[in-house]
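Peer 1: Following this message is one structure expressed as structure tokens.
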Amino acid sequence: MKIRAWFLACAVLVFALLMSGCSVGIDVEALLRPPRPTGEQQKIQEALEEYIFSDQNKQSPEVLGGYILKYPKSGNHRSAFVMQDLNGDGVDEAIVFYSISKDKGNVRLNLLRKNGGKWETVSDIEGASADIDRVEFGDLNGDGLHEIVTGWNIDNVSNRLLVLFAFKNGGLEEWHRELYSEYAIHSLTNSGWDDLLILLSNKAENVTTAKLLHSKGANTGLSEAGQVNLDGYIQQFSSPVVSTLAEGIKGVFVDGARASGGMVTELIYWDGERLWAPFYDRQKNRNDLTFREGNLPSMDINGDGVIEWPVVKSVIGYKSSETDKIWFTKWYNWDIKAKKVKEAFSCIMNMSDGYYFEIDDDWDGLFTLSYDRPSRTLSLYSMDGGKAADRFLMLKTVFKSEGLGSESDVEAYDFRLLEDLTEVQFFTWFTDRKPFNLNLERISYRFTYLY
């Protein structure tokens with residue numbers, strides 16, 4: 001048995017929310033506001049308060065109401081206190097997000113440095129809105145220093161606002177701003193420093209674009225290196241994933257949920273001369289090549305270091321449902337040398353129980369399946385005259401907290417233990433019926449637990 005990372009379950013959950021139209025935003029401050037910090041963080045907060053209530057600010061009426069720490073809602077940094085070396089001296093500075101008034105006013109960024117063992121504010125700047133979405137870092141101009149990349153939710157605007165801050169002249173200075181739906185920071189042009197890829201969905205006009213921004217070096221701003229269209233009906237993006245396509249070429253994979261339902265996977269890459277989005281059909285203004293109805297994200301499904309995306313295929317005699325979460329899928333990747341899509345492998349995804357079972361290509365059309373939810377049993381049948389005939393495989397999931405269930409069921413089919421994990425057991429029953437030719441070793445090799 002091969003065990004894959006548990007992030008698949010999280011990705012499926014996020015896309016279930018996207019596809020249902022639910023907002024993923026949460027009042028993070030209400031849920032995650034911590035008790036009074038201790039240790040180094042306490043010293044940072046004390047220095048922040050010293051600045052806020054200093055002589056230069058105490059006359060401000062807003063200060064009388066105190067302040068509130070603000071927490072980014074997404075990304076890798078979700079604390080109000082973010083540590084990062086911004087000036088390249090090997091010592092982290094601290095960035096604190098806060099607002100003076102709880103009910104109004106924009107979030108502020110307070111930059112603190114340690115001087116003689118004591119934290120002190122060196123810069124304080126107003127952000128773009130009252131709602132900070134995320135904060136990331138990247139060297140976007142090749143000076144060897146990290147710029148601060150912030151994302152902001154804007155009232156009555158469907159997209160967000162990206163604002164770059166640079167640490168210059170001893171303080172924070174705004175460097176660039178741009179609307180975005182999603183973005184990626186990575187070295188995509190092989191310049192030796194990071195680029196910024198902006199994904200933007202214009203829902204009103206059904207126009208979705210990917211724009212690559214690049215700086216030519218220190219003390220220069222960002223300029224557009226290239227822009228391409230993507231599926232015009234994308235409503236919301238997942239987090240982009242950067243993957244190596246070939247030596248010297250990085251690709252950005254991102255899943256997008258359509259407003260009408262279903263999702264697509266887009267690939268964007270720079271080949272050294274121009275920006276490409278090979279899955280987009282300009283005549284149709286959409287990407288049908290990677291479209292699927294099921295909420296299955298793209299990923300490195302088989303651990304080969306290459307991002308694959310699924311296409312859901314129909315099975316004669318079985319209708320997939322969001323309730324069962326069972327899909328017959330073919331997984332594909334992009335062959336950049338041939339500039340065409342290549343099939344990787346086929347499998348049955350069982351997201352109700354958290355596994356997939358790999359099948360041979362020549363099985364297609366020779367089997368059907370059923371799933372019994374109460375007993376958590378997936379069954380495969382051979383076909384005869386277009387109808388289900390003999391059962392040749394069963395995969396049964398038993399969560400130890402739920403118990404084994406019907407003993408007669410286990411005894412009647414002589415289930416054999418396939419895997420015994422901490423919280424779950426998997427059993428199998430099979431025959432050696434041709435052309436499937438199954439045995440316990442082959443079943444174990446084809447079976448992958450996802451969590």
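Peer 1: Filter the strands (runs of 3 or more DSSP E) completely within the range 72-155 down to those with at least 2 residues that are open to solvent by less than 40 Å² (accessible area, probe 1.4 Å) and more than 27 Å from Asn219 (Cβ to Cβ).
Peer 2: Output list reads 93-99, 132-138.
Peer 1: Filter the range 189-213 down to the residues that are over 22 Å from the mean Cα position of the chain (by Cα) and closer than 20 Å to Phe253 by Cβ, then identify the one that is modelled with the lowest pLDDT.
Peer 2: By that ranking, first place goes to Asn190.
Peer 1: Among the residues of the range 372-390, is there at least one that is part of a loop (DSSP other than H, G, I, E, B) and under 16 Å from Arg433 (Cα atoms)?
Peer 2: No, the range 372-390 has no match at all.
Peer 1: Quick test for you: out of Gly66, Gly144, Gly105, pick the one residue that is modelled with pLDDT under 95 and either in contact with a strand residue (DSSP E or B) (Cβ under 8 Å, 6 or more places away or on another chain) or among the aliphatic types (A, V, I, L, M) (or both).
Peer 2: Gly105
Peer 1: Another one. On the basis of being open to solvent by less than 10 Å² (accessible area, probe 1.4 Å), modelled with pLDDT of 95 or more and not aliphatic (A, V, I, L, M), does Phe328 make the cut?
Peer 2: no
Peer 1: Output the qualifying pairs, or none if there are none: Cβ atoms under 7 angstrom, residues six or more apart or on different chains, first residue in the range 110-133 and free of Cβ contacts under 8 Å to residues at least 24 places away in the same chain, second residue open to solvent by less than 60 Å² (accessible area, probe 1.4 Å) and in a strand (DSSP E or B).
Peer 2: Listed pairs, sorted by first residue: Arg113/Glu93; Arg113/Val122.
Peer 1: Which of the numbered conditions does Trp334 fail, given that it passes all the others? Conditions: (1) at pLDDT below 90; (2) under 20 Å from the mean Cα position of the chain (by Cα); (3) open to solvent by 10 Å² or more (accessible area, probe 1.4 Å).
Peer 2: (1)
Peer 1: I need the full set of residues from the range 197-215 which are within 16 Å of Ala257 (Cβ to Cβ) and open to solvent by 10 Å² or more (accessible area, probe 1.4 Å), in order please.
Peer 2: Once the filter is applied, which keeps residues that are within 16 Å of Ala257 (Cβ to Cβ) and open to solvent by 10 Å² or more (accessible area, probe 1.4 Å), the range 197-215 yields Leu200, Asn202, Lys203, Asn206.
Peer 1: Please verify whether the range 283-301 includes one or more residues that are within 30 Å of Ile359 (Cβ to Cβ), open to solvent by 40 Å² or more (accessible area, probe 1.4 Å) and of a type in the set (Lys, Arg).
Peer 2: Taking every residue of the range 283-301 in turn, at least one turns out to be within 30 Å of Ile359 (Cβ to Cβ), open to solvent by 40 Å² or more (accessible area, probe 1.4 Å) and of a type in the set (Lys, Arg).
Peer 1: Residue check: is Thr265 open to solvent by 30 Å² or more (accessible area, probe 1.4 Å) and touching a residue at least 24 places away in the same chain (Cβ under 8 Å)?
Peer 2: no
Peer 1: If you don't mind, another one. Please determine whether any residue of the range 189-196 is over 28 Å from Arg286 (Cβ atoms), buried (at least 17 other Cβ atoms within 10 Å of the Cβ) and charged (D, E, K, R).
Peer 2: Looking through the range 189-196, at least one residue is over 28 Å from Arg286 (Cβ atoms), buried (at least 17 other Cβ atoms within 10 Å of the Cβ) and charged (D, E, K, R).
Peer 1: Sort out for me the strands (runs of 3 or more DSSP E) sitting completely within the range 263-351 that have 3 or more residues that are aliphatic (A, V, I, L, M).
Peer 2: 263-270, 340-350
Peer 1: Could you check Arg376 against (1) closer than 26 Å to Asp304 by Cβ; (2) without any contact (Cβ under 8 Å) to a residue 60 or more places away in the chain; (3) buried (at least 17 other Cβ atoms within 10 Å of the Cβ) and say which number it fails?
Peer 2: (1)
Peer 1: In the range 229-240, which residue that is surrounded by 19 or more Cβ atoms within 10 Å (Cβ to Cβ) and part of a strand (DSSP E or B) is nearest to the chain's Cα centre (by Cα)?
Peer 2: Ranking the qualifying residues of the range 229-240, first place goes to Phe237.
Peer 1: Check Phe392 against each of (1) surrounded by fewer than 11 Cβ atoms within 10 Å (Cβ to Cβ); (2) modelled with pLDDT of 95 or more and name the one condition it does not meet.
Peer 2: Unmet for Phe392, out of (1) surrounded by fewer than 11 Cβ atoms within 10 Å (Cβ to Cβ); (2) modelled with pLDDT of 95 or more: (1).
Peer 1: Can you go through Asp271, Asp304 and tell me which one is under 21 Å from the mean Cα position of the chain (by Cα), open to solvent by 10 Å² or more (accessible area, probe 1.4 Å) and of a type in the set (D, E, K, R)?
Peer 2: Asp304
Peer 1: Moving on. For the range 181-197, does any single residue satisfy the condition of being in a strand (DSSP E or B), closer than 26 Å to Asp85 by Cβ and either free of Cβ contacts under 8 Å to residues at least 40 places away in the same chain or polar (S, T, N, Q) (or both)?
Peer 2: No, that holds for no residue.
Peer 1: Go through (1) touching a His at 6+ places or on another chain (Cβ under 9 Å); (2) surrounded by 14 or more Cβ atoms within 10 Å (Cβ to Cβ) and name the single condition Ser223 misses.
Peer 2: Here Ser223 clears every test but (2).
Peer 1: Taking Ala218 as meeting all but one of (1) buried (at least 16 other Cβ atoms within 10 Å of the Cβ); (2) assigned to a loop (DSSP other than H, G, I, E, B); (3) over 22 Å from the mean Cα position of the chain (by Cα), write down the number of the exception.
Peer 2: (1)
The values are calculated or read from the model by the stated rules, or taken from the named source; none is laboratory data. Everything numeric here is computed off the predicted structure, so don't read it as measured data. Cβ atoms come from the backbone with ideal geometry, glycine included; neighbour counts cover every protein chain shown. The accessibility values were calculated without ligands, DNA or RNA, using every heavy atom of the protein model including side chains. Shrake-Rupley method; radii C 1.70, N 1.55, O 1.52, S 1.80 Å.
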